[in-house]
1. If I filter the stretch 44-58 for residues that are of a type in the set (D, E, K, R) and buried (at least 16 other Cβ atoms within 10 Å of the Cβ), do I get at least one hit?
2. Condition check: of a type in the set (S, T, Y), surrounded by fewer than 16 Cβ atoms within 10 Å (Cβ to Cβ) and either under 17 Å from the mean Cα position of the chain (by Cα) or modelled with pLDDT under 90 (or both). Does S140 satisfy that?
3. Please tell me if V82 is surrounded by fewer than 20 Cβ atoms within 10 Å (Cβ to Cβ) and within 14 Å of the chain's Cα centre (by Cα).
4. What is the number of the single condition among (1) out of contact with any Leu (no Cβ under 8 Å at 6 or more places or on another chain); (2) at pLDDT 90 or above; (3) surrounded by 13 or more Cβ atoms within 10 Å (Cβ to Cβ); (4) among the β-branched types (V, I, T) that V16 does not meet?
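The values are calculated or read from the model by the stated rules, or taken from the named source; none is laboratory data. These figures come from a predicted structure and were not determined experimentally. Positions of Cβ are backbone-derived with ideal geometry, glycine not excepted, and every protein chain shown enters the neighbour counts.
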Amino acid sequence: MTTPDRPQPPISSTPVLRTALVWGGVATLVIAGVGGAIGFAVAGVDGMLSAFAGAAIAALFMLLTAVSILVANRWFGDALYVPIFFGIVLGGWLLKLVLFIVALMLLRGQPWIEPVVFFVALVVSVIASLAVDGIAMLRSREPYVDVSLPGAPKDEDPKFDAS
């Protein structure tokens, strides 16, 4: 990683991803609690554990996606930023695919898994994660275009004003 003359400002996706991670964690805890209670009411302890497992798997994959992008953003400003970014993110997606297949194979024959409760908790968690990501992006107040502001010095980027 090269060291620029002036420190690089944080890339614009970093606050969005941090917000999505925090609210995604909150949503996962709520889904695990509500799903665990419903699972317990429907199928006893096995239903509760199945809901916890479904919510945990969705949370793990949400975390892997955001962390891979945040790690890749550390090379922002480097000449090789784009290939590094896509290599890390693609590697994260491939890791998630392998982990998902392994998790399903490990959980498939377990006596404590209630398949319907597990499936519903997993799907609801994924939908909640997508909703949180969308809301975080819509509320991020990111500019759509880059413009030079009148009176701004030519050598500074007006998007990253420190004041």
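1. Among the residues of the stretch 44-58, at least one is of a type in the set (D, E, K, R) and buried (at least 16 other Cβ atoms within 10 Å of the Cβ), which makes the answer yes.
2. yes
3. no
4. Among (1) out of contact with any Leu (no Cβ under 8 Å at 6 or more places or on another chain); (2) at pLDDT 90 or above; (3) surrounded by 13 or more Cβ atoms within 10 Å (Cβ to Cβ); (4) among the β-branched types (V, I, T), V16 violates only (2).
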